[in-house]
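Take a look at the structure set out below.
FYI, it's all coordinate maths here, none of it is from the lab. Fair warning: this is a prediction, and the values are worked out from it, not measured in the lab. Cβ sites come from the backbone with ideal geometry, for glycine too, and all protein chains shown count toward neighbours.
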Amino acid sequence: MNQNIINNQKTILSVKHLYKSFGENQVLKDINLELNESENMVVLGKSGSGKSVLIKCIIGLLQADSGAIELFGKTTTQLNSMELDLVRSKIGFLFQSNALYDSMTVRENLEFPLRRHWIHLKQEEIDKKVQQALNDVGLANTIDMMPIELSGGMRKRIALARTLILQPEIILYDEPTTGLDPVTAREIIKLMIEIKTKYKTASIIISHDINCVKLASDRIAIIIEGRCYTIGKYEELKNSSDKNIKQFFE
């Protein structure tokens, strides 16, 4: 029997036989994985193993060479541009660099995706959503500040607020704690967990941070040489005798 049915969990993302190359460099080689609703999956792998390429293929920033990506039960390659945009609007992407617009205030950074995707909103509705997103990340007082005025941890929180503002069903995190001091990194991990609990979002998290892996993951996928080597829970993988798995937990 399907484990997802047993647990009453619905699969909202399915990656099947995904391949991606850059010239002669084959990065993804038959990747297969599934993400369930309200689940955090951490993807582990050495540098260059294809982790970031995988989530960029999922969101559509890169086009896979072959294979299929199903989002919310729909195969993305079979959708027209309007249908694909609708599916993408349900996915948030937290860039490693945060990707805030330096020339915009925090308010304007958060308003930008709303004006692009939800053009029918009135200003009072936009204001309410901006305030709620800032409240969710604990930075309501930064609304009129510029990104340059914020610390690294604050910029990460604002980037997360901008991701949240469209109420995504899936969030893709690309190295969310990289470049942060240990205390700030723990705060970001705690915030990611709080967001999952409050909004029931599912997430794929690319991370080398073992604290993030341990605390934020429901399951972990390990990619080795472009393939999904194994998927399991933290304690199960940490206690594995397989040297290919143990190297990530030593």
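When each of S240, S217, S47 is scored by the number of other beta-carbon atoms lying within 10 Å, the sequence from fewest to most is S47, S240, S217.
Only Lys, Arg, Asp and Glu carry charge here, each on its Cβ (+1 for the first two, -1 for the last two); on that basis the range 62-178 has a dipole of about 160 debye about its Cα centre.
Amide H to amide H distances under 5 Å link L94 with L172, Y173, D174, where only residues 5 or more positions off or on other chains count and H is placed in the peptide plane.
Remark on Y229: its backbone amide H falls under 5 Å from those of I222, I223, I224, a criterion applied only to residues 5 or more positions apart or on other chains, H modelled at 1.01 Å from N. In plain terms, the residue of I223, I193, I126 with the fewest other Cβ atoms within 10 Å comes first and the most crowded comes last, giving I193, I126, I223. Its DSSP H runs of at least 4 residues, each contributing -39,500 (n - 2.57), put the calculated 222 nm mean residue ellipticity of the chain at -11000 deg cm²/dmol, to the nearest 500. Residue order for K20, K233, fewest other beta carbons within 10 angstrom first, comes to K233, K20.
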